[in-house]
Structure formats: C-alpha cells, structure tokens
There are 2 protein chains.
Amino acid sequence: MISSSSLAADLLEEIYGEGARQCPSPNEQLTLVFSKYKSFDLVELEQLLETAGWSRRPVRRVRRALDNSLLKVGLWCHHSRCPRLIGFARCTGDGILEATVWDVVIHPVYQGSGLGKQLMNYLLESLRKMGVESVTLFADPGVIEFYQRQGWELEPRGHRCAFWYAN
Amino acid sequence: MISSSSLAADLLEEIYGEGARQCPSPNEQLTLVFSKYKSFDLVELEQLLETAGWSRRPVRRVRRALDNSLLKVGLWCHHSRCPRLIGFARCTGDGILEATVWDVVIHPVYQGSGLGKQLMNYLLESLRKMGVESVTLFADPGVIEFYQRQGWELEPRGHRCAFWYAN
C-alpha cells in the first residue's frame, strides 16, 4: 500500500460526509475514500454488484432496501466532481445486539490489493462505534477463507445457516 | 390441535393489534393468539428467552434492539386483562430484499404441540406480505431439523455463516 496524495479533512467531509476516511491506496495515482453517508447512484451500484456476479435487481426495490439498511459503506475513487464507486457493503440489523452484512463487493479491477479487508475493517469499526455486539454474514464458498483470515468465526457452536425464499 | 373458544375479531384486534390471529390451541382451556403489535413487558420477554437457554441481556439494550427490529411476533396465552407471553420471534432486515430471524422461543411447557411451526408460519406470512424476498436464520444444532422439516434450505449453494464479536 502506498499512501497517495491526502485530502484535506474538511474537503473529505464536505464531499463524502461525516466519518469519511481516506483508504491507503495500492496506486499513488488513485485517491481512495471510505464513506458512510455519500449517497449512491443506484444504477452505478447495481453495475458494481454485477461485476461481482450478483444478479441485477429492480432499482425500486434496491432503493427501499438501502433506505432500510442500518449502514451502507462506499469505497470511492476520488474525483472532486465525479467520484467513482469501486467498493460497497451494507448491513441490516437492530443496531445494538445484531448486525448482518450483505452485498460486499470490490470492483474486479481493484481486487487483490487488500481493499476488501480494509472495507470490512471500516465497516466493523463503524458497527463497533454504534455498540453492536455481534455481526453475522453468509459467505459464498469462494470467500469463506477471506473472512476466516480476518478473524471471523465459521459456524460457532455448531450454528448452521438456513434460508427461506418467498418464491 | 383443538379449536378453543374463539375470540370475536374486534376484541382480538382491540387487545392484540392489527393483524392479530388466533392460533389453534393444543388445549381447549387455552386461547392462544399471535400478534405483531402488542407491546412486550421486557422482563417477561427476557424470562421467556431464558427458559430456552438464552442468556439474560440488559433490558435497555433489548429495548433498543426491539425498537429497531423489522418485525416482532408474540404468541400470547389469552386473558382479557393480563395475557401471558408464551412464544416470541423477531426479525431484522431491510423489509424488502432480506430479513433475518432471531430469538425464536416457545415456553417449554407449551412445546411439542406444533406451536413453533405455527409461530414461524405466522412470521413468514407477515414477511411475505411486506414483500420480503429472502429470509435467513442461524440455527443451533438442536433445531436444524425443525427448520429443515418446514422447508428451510440449509446452506444453499454452499453458503456458510460467519460471526464476528465486538468483544
């Protein structure tokens, strides 16, 4: 990780909202920023999620889901007028006992440089500040090791996950 | 299941709130009711959860967690002045794409009569009415079969659950 040119703290908050933080960048040409409050272009978000293999969902439903999420984290490639979204994760939960992580993605072009790990650290730190005790997620087979390396416990005390689909 | 004395629809909603529904009872002496809106005595709720082996949690934190939950379902043993809470479950979620079920309990005295299954049916029907697509939960080893028998899919497509604890 190379520390790229740093953004002034006031500019950072002006563009990316309270609690935004610069992310160590793998490329000194890129200034990367984590944000909890910068709003998303939903088409850009769904395109990003598609690059990770998620299937496209109706924008109207995604908007409602985001509105009702406990926390949304964006990783932005900084540009003063037009920042690009290159990473994302969101949580649902009660904000105190439980939170559950969904839709974790880093754009494939930016993968392999530890950005996913930093995104998760930023997200967990935000949840910790809220006072959340326990965070859960459902990991695809391909990313189970990614989470285990970061200290996530797989199926503690024999817990298994179960899914029910409306359709 | 015996159909116990039925409550008039207006009385049912007056005491237990909109969408309340009488539950087929295993004992004709007992009138049982599902409710989404009747408020909980948090000490009574925590005592109920303790009977299922959950450890006691600070009431202040439980109150916040309930306030931020998407859905809370109570199973009540009807009494016109003082209904008793004998079952409970709650969900977090975004109300449209995802919901996650927590704290499912039936008082041990009332177990073994299919009330848990009926509680889950009432909960899932409520989520379906909201338009939620997918519901998830983390099952203890002792209840995995209970959920499988009701059509829950265990770890679809190799999903595994992972937990992270703040402390």
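Points to keep in mind about this one:
- Within the stretch A:18-41, being closer than 21 Å to A:Ala89 by Cβ and loosely packed, with under 15 Cβ neighbours inside 10 Å holds for A:Glu18, A:Pro24, A:Tyr37, A:Ser39, A:Asp41.
- Residue satisfying condition, being surrounded by fewer than 14 Cβ atoms within 10 Å (Cβ to Cβ) and of a type in the set (A, V, I, L, M, F, W, C), within set A:Val109, A:Val101: A:Val109
- The residues in the stretch B:64-77 that are surrounded by 14 or more Cβ atoms within 10 Å (Cβ to Cβ) and either of a type in the set (S, T, N, Q) or within 14 Å of another protein chain (Cβ to nearest Cβ) (or both) can be counted, and the count is 8.
- Test for B:Glu125: is it assigned to a helix (DSSP H, G or I), at pLDDT below 95 and either away from chain A (no Cβ under 14 Å) or under 21 Å from B:Gly19 (Cα atoms) (or both): no
- Set side by side, the residues A:Glu155, A:Glu145 differ, and just one is more than 7 Å from chain B (Cβ to nearest Cβ), among the acidic types (Asp, Glu) and farther than 19 Å from A:Tyr37 by Cα, which is A:Glu145.
- Exactly one residue out of B:Ala8, B:Ala99 is aliphatic (A, V, I, L, M) and at pLDDT 95 or above, and it is B:Ala99.
- If you go through the stretch A:110-142 and keep only what is under 21 Å from A:Val33 (Cβ atoms) and of a type in the set (Gly, Ala, Ser), you end up with A:Gly112, A:Ser113, A:Gly114, A:Gly116, A:Ser126.
- Among the residues making up the stretch B:129-167, those that are of a type in the set (D, E, K, R), surrounded by 14 or more Cβ atoms within 10 Å (Cβ to Cβ) and outside any loop (DSSP other than H, G, I, E, B) are B:Glu153, B:Arg160.
- Only one of the numbered conditions (1) of a type outside the set (Asp, Glu); (2) without any contact (Cβ under 8 Å) to a residue 40 or more places away in the chain; (3) at positive phi is not met by B:Gly19, and that is (2).
Conditions (1) assigned to a loop (DSSP other than H, G, I, E, B); (2) farther than 18 Å from A:Trp102 by Cα; (3) not basic (Lys, Arg), marked per residue:
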{"site": "A:Asp10", "(1), (2), (3)": "no, yes, yes"}
{"site": "A:Glu14", "(1), (2), (3)": "no, yes, yes"}
{"site": "A:Gln22", "(1), (2), (3)": "no, yes, yes"}
{"site": "A:Gln47", "(1), (2), (3)": "no, no, yes"}
{"site": "A:Glu50", "(1), (2), (3)": "no, no, yes"}
{"site": "A:Gly53", "(1), (2), (3)": "yes, no, yes"}
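- Scanning the stretch B:78-87 for residues that are surrounded by fewer than 22 Cβ atoms within 10 Å (Cβ to Cβ) and either among the small types (Gly, Ala, Ser) or closer than 20 Å to B:Glu18 by Cβ (or both) yields B:His78, B:Ser80, B:Pro83, B:Leu85.
- When residues of the stretch A:108-164 are limited to those that are of a type in the set (Lys, Arg) and farther than 14 Å from B:His159 by Cα, the one nearest to the chain's Cα centre (by Cα): A:Lys117
The values are calculated or read from the model by the stated rules, or taken from the named source; none is laboratory data. Quick caveat, the model's predicted, so the values are computed rather than measured. Cβ: placed from backbone, ideal geometry, glycine included. Neighbour counts: every protein chain shown.
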